[in-house]
1. Can you give the extra length, in nm with one decimal, that the chain gains between Leu114 and Thr173 once fully stretched, where that is 0.36 nm per residue apart less the Cα-Cα distance?
2. At 15 angstrom or more along the helix axis (alpha-carbon based) and mean Kyte-Doolittle of 1.0 or higher, what helices does the chain contain? Whole DSSP H runs only.
3. Would you calculate the separation in nanometres between label points at Arg224 and Arg303, each defined as 7 Å from the Cα along the Cα-to-beta-carbon direction?
4. Have a look at Ala22, Ala293, Ala171 and tell me which one the Gaussian network model of the chain (Cα, springs below 10 Å) gives the largest fluctuation.
5. Cα convex hull of the chain: how many Å³ per residue?
6. First select every other residue whose beta carbon is under 15 angstrom from the beta carbon of Ile189; then total the charges, Lys and Arg +1, Asp and Glu -1.
7. In deg cm²/dmol, rounded to 500, what helix-only [θ] at 222 nm does the chain give when every DSSP H run of at least 4 residues adds -39500 (n - 2.57) and the total is split over its residues?
8. With a Förster radius of 45 Å, plug the Cβ-Cβ distance of Val149 and Lys281 into 1/(1 + (r/R0)^6) and report the FRET value to the nearest 0.05.
Amino acid sequence: MKIVVLPGDGIGPETMAVAVDALQAVSQRFDLGLQLDHDVAGHDSLKRHGATVTPALLEKVLAADGLMLGPMATYDFKDESKGEINPSKFFRKNLDLYANIRPARTYPGMPARLGEFDLVVVRENTEGFYADRNIESGGSEMLITPDVVVSLRRITRQCCERIARSAFELAMTRKKHVTIVHKANVLKIGDGMFIDMCHEVGKEFPEVRVDDVIVDAMMAHVVRAPDRYDVIVTTNMFGDILSDLTAELSGSLGLGGSLNAGRDHAMGQAAHGSAPDIAGKDLANPASQLLSAAMLLTWYGQRKGGAKFLHAGAAIEAAVAATIASGQCTADVGGKLGTRAAGQAVLAHLRAA
Ligand code: ATP
């Protein structure tokens, strides 16, 4: 398995270094023969190549079996004509990574403020309100007059259908419960189509219980009783916001592992951003990037039928859980360790098992 590794901005280099060590450790332990190809995206690429991402990098990623992308300083990248392209969008769009899978669960050893839970947000990743990816060329946010902005939202039957399918297939491997999160009371046509397509696809999965919740009410419900949920399927922006909330409810945004998956490609990238407030301070929790790496290995194992990749993904998840249980973790989840030391603790668990 060939994986392109792009550390990204802010805390990215610190957390990606830990994820790379873990990938190398499981490669050795499970005989995966991983080939890691290190390159740059974001600010480093802008300095080196005059663009945050390049066509040559895309070619390399297209030829690889997976991508590990660090967090990106998307807020800094404003003008595509100056090479300031949002790398997250670039790969999601060009690799057609339509399903953003963001699990959130509590861990033994950490106080579960809202009780124990284990859920997954399945977020549509290629259209919706994201102005940088929902039209073929240019952006769909327009300055009509100096005082008027129009931002377009795109919802297509095809994208609703495929994200619904991802959610129901995932639910079949879990507690067989899908919750559709929407705003169909206001976005009657777009979210109406989204709900209809989810129910349509749901007919193929009669064992799966389906319900739906309006997105604003969901903010209360998921805080009140997160254990009510199993798989939550929603459109792009709602999923982006909701999954930050569910990661934080699980203990910290630093636990937010995430996979961006399409038919042929996948990218492991933590759910959070570049966290400039803690960058370079050895404070970031590497768990999110580790769990993203585990998800990428699992995705590959499921596609290729490679049990050893599934074991490797599970081993990383177990090592993260074990370090949290033993308190060998970063401050955001109640520990006293820095990023590097927390990473070493995960590696020790990986090697000892
Ligand atoms: P960006 O502009 O790149 O989105 P941001 O700071 O606005 O960055 P996030 O990076 O998502 O948004 O961070 C939100 C909060 O969560 C910050 O206080 C940040 O320090 C914290 N945070 C994010 N990731 C981690 C992590 N891996 N470990 C610990 N704290 C984190």
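1. On the way: separation 59, 0.36 × 59 = 21.24 nm, distance 2.45 nm.
Gain in length upon complete extension: 18.8 nm.
2. Details: long enough: 12-30 (26 Å, 0.33); 157-172 (22 Å, -0.09); 190-202 (18 Å, 0.22); 236-249 (20 Å, 0.46); 287-304 (25 Å, 0.12); 307-325 (27 Å, 1.28); 339-352 (20 Å, 0.29).
Qualifying helices, which must be both long enough and hydrophobic enough, are 307-325.
3. Each label point lies 7 Å from its Cα, and together they span 4.1 nm.
4. Fluctuation is largest for Ala171.
5. Numbers: hull volume 48.6 nm³, N = 353.
Value for the chain: 138 Å³ per residue.
6. Numbers: positive: Arg153, Arg154, Arg157, Lys183, Lys188; negative: Glu127, Asp191, Asp196.
The answer is +2.
7. Numbers: 11 runs with 147 residues, N = 353.
-13500 deg cm²/dmol, from helical runs alone.
8. Working: r = 36 Å, r/R0 = 0.80.
Given R0 = 45 Å and the Cβ-Cβ separation, E is 0.80.
Bear in mind that the values in this text are calculations on the coordinates, not laboratory data. Everything quoted here is computed from the prediction, not taken from an experiment. Because the Cβ atoms are built from the backbone with ideal geometry, glycine has one as well, and the counts that use them run over all protein chains shown.
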